[in-house]
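Remarks on the structure that follows.
The values are calculated or read from the model by the stated rules, or taken from the named source; none is laboratory data. Model, not experiment: these values are computed from the prediction. Reconstructed Cβ throughout: ideal geometry from the backbone, glycine too, with neighbour counts over all protein chains shown.
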Amino acid sequence: MNRSVSVVVVVAATLAGCPITGPRDDIGRPCVVDGPPCAPDHVCLADDGADEGRCAPIVDYGGCDPATYPVQAGLVREEGLDVDEPGELGFLRDVVRVEGDLFVDGPVVGSPLAVGTLCGLSGLQQVTGSLLVAQTDLEALDGLQSLSFVGRGLGVASNARLTDLAGLANLVQVVVPDEAPFEVVIAENRTLPAEAVRAFRAALADRPSIRIHVCGNLVALAENDAASCDPEINRLLRRE
Amino acid sequence: MMASLMVAVVLVAAAQSAEAPSPPAEAGVPRVLVLDTGGDLATDQRVALTNLVATRLQRFAGLRVIAQRDVQQRLGLEADKQLAGCESDAACLAELAGAFDVDLLCISAASRLGGTVVFTLQVVDDHGEAKARGSVSVPALDDVAAAVATVADDAGRALTGVEPSAAPTPATTTTTATASTAPLPHEARFPLQIGGAVGLAVGLTAAGLGAIPGVMARGAEADLRALRVDWVDSGATDEAILDAAGRKQVEVDRLRGLWNTAGLPAVWGGVLVGVAGGAALAVGTLLTAEAP
């Protein structure tokens, strides 16, 4: 008994006497949209077009598990990743930044990539290259709620069962080459309803710098939402 | 030092010296029990004076000197009880002289009186009759030792009628021997206690002050958690919460830095100094308690 008490006292005294260096809740911490990421389960919230903002915790991951607490340290993947096997998503566990392109896409011909969900990407905040989610069996993009920065365009295409885009609601900045006509393309998702597209546009309504091109989905919504996509876009999305 | 003495030595012993001390029945040498010096001086100072009186009397071949400590060691609690009840009553002490099998009792006291230190000494026989008596008044504590030596020597002369020898009588060195076995000299004990107390106080203060930024940093982190809850409750829409959290983050950074660079070393250093000071204080206190 006395020994147990002594051990507890010594451990407590030792811990109390250590430097405070661990990660902490990042809420409110200043951040740069394309700079060092916030802690996992946060997003760098900034005004449209601004580079600097504040880290804000993710409140809801939709169909995924809620954010973990206390905050853990995030990882940076220093190269891109082409996920063409479902198990490869495990490489992105606890990753907050991918330095390169991230492709989650199945074969152009044949069965879609059976990833099920993107919940394993819940820490991901930044992709410095392109992000493409295509030819998968995804019904929603939940798990991407932390994603705030994409450095070279974002595409969501040819996901035959996709019905929801809420996972992309926290996008802050998407960069494309100067000549590109849009930053985000939502194309050829044959089951994506008009309501989902409308909600996605509403979520990004205060970010006019992110231009969204929608084509070839279940219903065309507006004049600039084409019932079918330009062949050039299809080639681009198929990485041909 | 002697020259600076403002000595007012009043020896009545000389007047009484005409009466030769009654020879002891046993060995012909009277046995003198030197009681601990009383008065309001510090314990270690009174112990030093007791030792000085005993040492001076030991220099007279016609006296066999016994220290109170010796009697207490031999008779234990019983002696303590009896001596405690007779500290100021010469008649009672005279009765005790018979109980302790001594012929004479040497009673002394040293007290502060205004700006001076007064030392009195009296030797009574086993009938309670004063055989020698003397007192001295000096302006400073530093001068007491020399004056006490004079008083004790005069008392010895009055009791024996002879001059003291240069060295104490070999058979009667009990008190001196007891003092020499002490682990530290008297003058080293007070600095040890004072240094220990200062070290303990400084250590505890440093540790306490050093812990403040650490405690405050933890408190600020708790505030951040509360703001996170508020943010969730607001549906992730109230940016004023983010602004408040941003200010709190700055505070956390500052407190963390202060803790890691200054608070932590202060806590550990304070603990070490405090432990060392506490140990020194404890050792000094124990030595003082065991001092003769």
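In the set (1) modelled with pLDDT under 90; (2) out of contact with any Lys or Arg (no Cβ under 9 Å at 6 or more places or on another chain); (3) crowded, with 18+ Cβ neighbours inside 10 Å; (4) of a type in the set (D, E, K, R), B:Glu221 fails one condition alone, (2).
Name the single residue that is farthest from B:Leu242 (Cα to Cα) among those in region A:19-45 being small (Gly, Ala, Ser) and away from chain B (no Cβ under 11 Å). Here the answer is A:Gly35. Among the residues of region A:49-97, the one identified as touching a residue at least 60 places away in the same chain (Cβ under 8 Å) and farther than 22 Å from A:Val172 by Cβ is A:Gly63.
Being surrounded by 15 or more Cβ atoms within 10 Å (Cβ to Cβ), under 22 Å from A:Gly151 (Cα atoms) and within 14 Å of another protein chain (Cβ to nearest Cβ) holds for only one residue in A:Ala56, A:Ala67, A:Ala50, and it is A:Ala56.
Among the candidates A:Ala140, A:Ala157, the residue that is in contact with a Gly (Cβ under 7 Å, 6 or more places away or on another chain) and closer than 24 Å to A:Phe200 by Cα is uniquely A:Ala140. Here B:Asp153 meets the list (1) outside any strand (DSSP E or B); (2) within 13 Å of B:Leu49 (Cβ to Cβ); (3) touching a helix residue (DSSP H, G or I) at 6+ places or on another chain (Cβ under 9 Å) almost entirely, failing just condition (2).
Residue-by-condition table, conditions (1) more than 10 Å from every other protein chain (Cβ to nearest Cβ); (2) among the β-branched types (Val, Ile, Thr); (3) in contact with a Phe, Trp or Tyr (Cβ under 6 Å, 6 or more places away or on another chain):
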position	(1), (2), (3)
B:Leu200	yes, no, no
B:Thr205	yes, yes, no
B:Ala220	no, no, no
B:Leu227	no, no, no
B:Ala240	yes, no, no
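Is it true that B:Leu209 is touching a residue at least 24 places away in the same chain (Cβ under 8 Å) and more than 9 Å from chain A (Cβ to nearest Cβ)? When the stated conditions are applied, B:Leu209 passes them.
Taking the stated definitions as given, is B:Leu192 touching a residue at least 12 places away in the same chain (Cβ under 8 Å) and surrounded by 14 or more Cβ atoms within 10 Å (Cβ to Cβ)? I'd like the intermediate steps shown before the answer.
Details: touching a residue at least 12 places away in the same chain (Cβ under 8 Å): yes; surrounded by 14 or more Cβ atoms within 10 Å (Cβ to Cβ): yes.
It is true that B:Leu192 is touching a residue at least 12 places away in the same chain (Cβ under 8 Å) and surrounded by 14 or more Cβ atoms within 10 Å (Cβ to Cβ).
With the requirement that a residue be assigned to a loop (DSSP other than H, G, I, E, B), among the hydrophobic types (A, V, I, L, M, F, W, C) and in contact with a helix residue (DSSP H, G or I) (Cβ under 9 Å, 6 or more places away or on another chain), what does region A:154-186 give you? Residues satisfying the conditions are A:Leu162, A:Leu165, A:Ala169, A:Leu171.
Given the conditions (1) part of a helix (DSSP H, G or I); (2) more than 11 Å from every other protein chain (Cβ to nearest Cβ); (3) modelled with pLDDT of 85 or more, report the number of the one that B:Thr178 does not fulfil. Here B:Thr178 meets the rest and fails (3).
With respect to A:Asn234, determine if the residue is modelled with pLDDT under 90, part of a helix (DSSP H, G or I) and in contact with a Ser or Thr (Cβ under 9 Å, 6 or more places away or on another chain). Walk me through how you get there before you give the answer.
Numbers: modelled with pLDDT under 90: yes; part of a helix (DSSP H, G or I): yes; in contact with a Ser or Thr (Cβ under 9 Å, 6 or more places away or on another chain): yes.
Answer is yes for this residue.
Only residues that are within 9 Å of chain A (Cβ to nearest Cβ) and either of a type outside the set (A, V, I, L, M) or touching a residue at least 60 places away in the same chain (Cβ under 8 Å) (or both) were counted in region B:262-276, giving 3.
Return yes when A:Gly87 is modelled with pLDDT under 95, touching a helix residue (DSSP H, G or I) at 6+ places or on another chain (Cβ under 6 Å) and outside any strand (DSSP E or B) and no when it is not.
Judged against the criteria, A:Gly87 is not a match.
With respect to the conditions (1) surrounded by fewer than 18 Cβ atoms within 10 Å (Cβ to Cβ); (2) farther than 14 Å from A:Pro19 by Cβ; (3) not β-branched (Val, Ile, Thr), B:Asn260 lacks only one, and its number is (2).
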